[in-house]
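Each remark here refers to the structure printed beneath this line.
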Amino acid sequence: MWVRAFGAAPGERLAEGNRPWTPPYDLLTPEETPLLYGVDPYDDTIFNRRQCERLLMREVTHLRTQRLAPDQIAMLDELDRLILETNRSPHRYLLFNGD
């Protein structure tokens, strides 16, 4: 997971996650977490600022109400940090890199 800027310095990495994306797959559903459910583990997935501020934050909040392991909570903390970095200004995108 990392945040990328487009604009003056295209492709610049502004923030990088220090935890791998290891979601609780059994808790991801198309109904409750449609964006996170759609993250492709084998290809890149990109979310824009609007998706992050309106939808992804809601999905992370929903996941926090579930029974999670400590490493999954830490991963959600990291995802929250990257979402906030994405939301700081226009032309920033949150990227998940697949294998």
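Side notes on the structure shown:
- Boolean, Met1 is under 12 Å from the mean Cα position of the chain (by Cα) and within 20 Å of Asp99 (Cα to Cα): yes
- Count - residues of segment 1-28 that are over 11 Å from Tyr93 (Cα atoms), open to solvent by less than 70 Å² (accessible area, probe 1.4 Å) and at pLDDT 75 or above: 7
- Criterion violated by Thr61 - all others in (1) within 14 Å of Ala15 (Cα to Cα); (2) assigned to a helix (DSSP H, G or I); (3) hydroxyl-bearing (Ser, Thr, Tyr) satisfied: (1)
- Residue match in segment 48-60 (condition: charged (D, E, K, R), in contact with a strand residue (DSSP E or B) (Cβ under 7 Å, 6 or more places away or on another chain) and either open to solvent by 90 Å² or more (accessible area, probe 1.4 Å) or closer than 16 Å to Gly17 by Cβ (or both)): no
- Enumeration of residues in segment 70-91 that are within 15 Å of Trp21 (Cα to Cα), touching a residue at least 40 places away in the same chain (Cβ under 8 Å) and either in contact with a Phe, Trp or Tyr (Cβ under 6 Å, 6 or more places away or on another chain) or open to solvent by less than 40 Å² (accessible area, probe 1.4 Å) (or both): Gln72, Ala74, Met75, Glu78, Leu79, Leu82
- Residues in segment 28-50 that are assigned to a helix (DSSP H, G or I) and in contact (Cβ under 8 Å) with a residue 40 or more places away in the chain: Arg49 only.
- The set of residues in segment 28-57 being within 11 Å of Ile83 (Cα to Cα) and of a type in the set (S, T, N, Q) consists of Asn48, Gln51.
- Of all residues in segment 64-99, those being of a type in the set (Gly, Ala, Ser) and not in a loop (DSSP other than H, G, I, E, B) number 1.
The values are calculated or read from the model by the stated rules, or taken from the named source; none is laboratory data. Since this is a predicted model, take the numbers as computed values, not measurements. Every residue, glycine among them, receives a Cβ derived from its backbone with ideal geometry; neighbour counts consider all protein chains shown. The protein model used for the area step is the full one, side chains on, heavy atoms only, and it has no ligands, DNA or RNA in it. Shrake-Rupley method; radii C 1.70, N 1.55, O 1.52, S 1.80 Å.
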